[in-house]
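A.B. asks: This is the structure, below, for whatever I ask next.
What follows draws every value from the coordinates through simple rules; no lab data is involved. From a predicted model like this one, the values you see are computed outputs, not experimental measurements. Using ideal geometry, Cβ is built from the backbone for each residue, glycine included, and neighbour counts are taken over all protein chains shown.
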Amino acid sequence: MNSRKTICSLTVVAAIGSAVLAMAAHSEQLPARSPVPFSAYDQNGDGVIGKAEFDAVREQRKAEGRPMRNALSFTDLDQNRDDKITAEEFAAAHSAQSARPRGPGMGGGMQGNMPEFSEFDLNKDGKVTEAEFTDARTARITKRLQEGYQMRGLANAPSFEDIDTSHDGAISPEEFAVQRAEHQKQMRQ
C-alpha cells in the first residue's frame, strides 16, 4: 500500500472515530427512540391534531436531535384531507405503516440512500479526485452517524483505487455508476 493511500485511509479512520465518539457522547443524552403518541401531538387536548400542532412537535424533536426520517407526514395521516388528524386516522395510518414489508427494494434498507456522483464531485468538474472522494465520504459517514444510522460494512467499502478502474487519478461518472450498480447488486443478494 503506498504512503498516500495509507495517509488517506488514516484520515478517514480518524474522522470516523471522532464522529463515533461524538455520537456516543450525544446519544447518552437522548431518550430511547419510540413513536410519538397521539397525545403528544394533540397539544391543546381538543381530540384532533392541527397542522400547527403537528409541525411544532416535529420541530421540537428535530431540535432535540431526534430525526423522524421514517415518520409519516401530516398528509399521510390526514386521510380524509380535512386539515386535521383524528385519533382514528392516526392509528389507522400507523397500523398500515407497520404492516408494510421492509427490506432491500421494499421500502427498507439503504436503497434510497445511495450516494450520487454529484455528492462526490465537490468542485463540479465532472470527475472525482482522491481528495474529493475522501472529503465527501467522510462528510457522508459523519452525517449518517448523526442521523442515527449504524455504519456496518465500512471495512468493506471500496477504496478510491477500487473505483478508479482506469487508474488515471480520478473517478469518472461511468466508473462511479459501475461501482454503484455492483453495490446495489450485492445488496439484493
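A.B. asks: Taking a ≥ b ≥ c as the square roots of the eigenvalues of the Cα gyration tensor of the stretch 38-99, is the shape rounded (a/c under 1.5), prolate (a/b larger than b/c) or oblate?
C.D. replies: Values: a/c = 1.84, a/b = 1.17, b/c = 1.58.
It comes out oblate by the Cα gyration axes.
A.B. asks: If each residue of separation counts as 0.36 nm, what is the full-extension length gain between Arg61 and Ala87 once their alpha-carbon separation is subtracted? If you can, show how the numbers build up before the last one.
C.D. replies: Details: separation 26, 0.36 × 26 = 9.36 nm, distance 2.04 nm.
Taking Arg61 through Ala87 to full extension adds about 7.3 nm, to one decimal.
A.B. asks: Kindly state, to the nearest 0.05, the FRET efficiency for Asn123 paired with Arg69, given R0 = 30 Å and r defined as their beta-carbon distance.
C.D. replies: Numbers: r = 29 Å, r/R0 = 0.97.
That pair, Asn123 with Arg69, gives E of 0.55.
A.B. asks: At a Förster radius of 25 Å, what calculated FRET efficiency corresponds to the Cβ-Cβ distance of Asp76 and Met187, to the nearest 0.05?
C.D. replies: For R0 = 25 Å, the calculated efficiency reads 0.45.
A.B. asks: Residues with beta-carbon under 9 Å from that of Phe176, excluding Phe176: net charge, scoring Lys, Arg +1 and Asp, Glu -1? Before the final figure, lay out each step's value.
C.D. replies: Values: positive: Arg180; negative: Glu116, Asp121, Glu174, Glu175.
So the surrounding residues net to -3.
A.B. asks: With a sphere of radius 13 Å drawn around the Cβ of Arg81, what net charge do the other residues whose Cβ falls strictly inside it have (Lys, Arg +1; Asp, Glu -1)?
C.D. replies: Charge balance in the 13 Å sphere: -3.
A.B. asks: Let me ask another. Note down the net charge around Met151, summing +1 for each Lys or Arg and -1 for each Asp or Glu among other residues with Cβ under 13 Å from its Cβ. Could the numbers behind the result be given before it?
C.D. replies: Values: positive: Arg137, Arg140, Lys143, Arg144, Arg152; negative: Glu147.
Here the count lands on +4.
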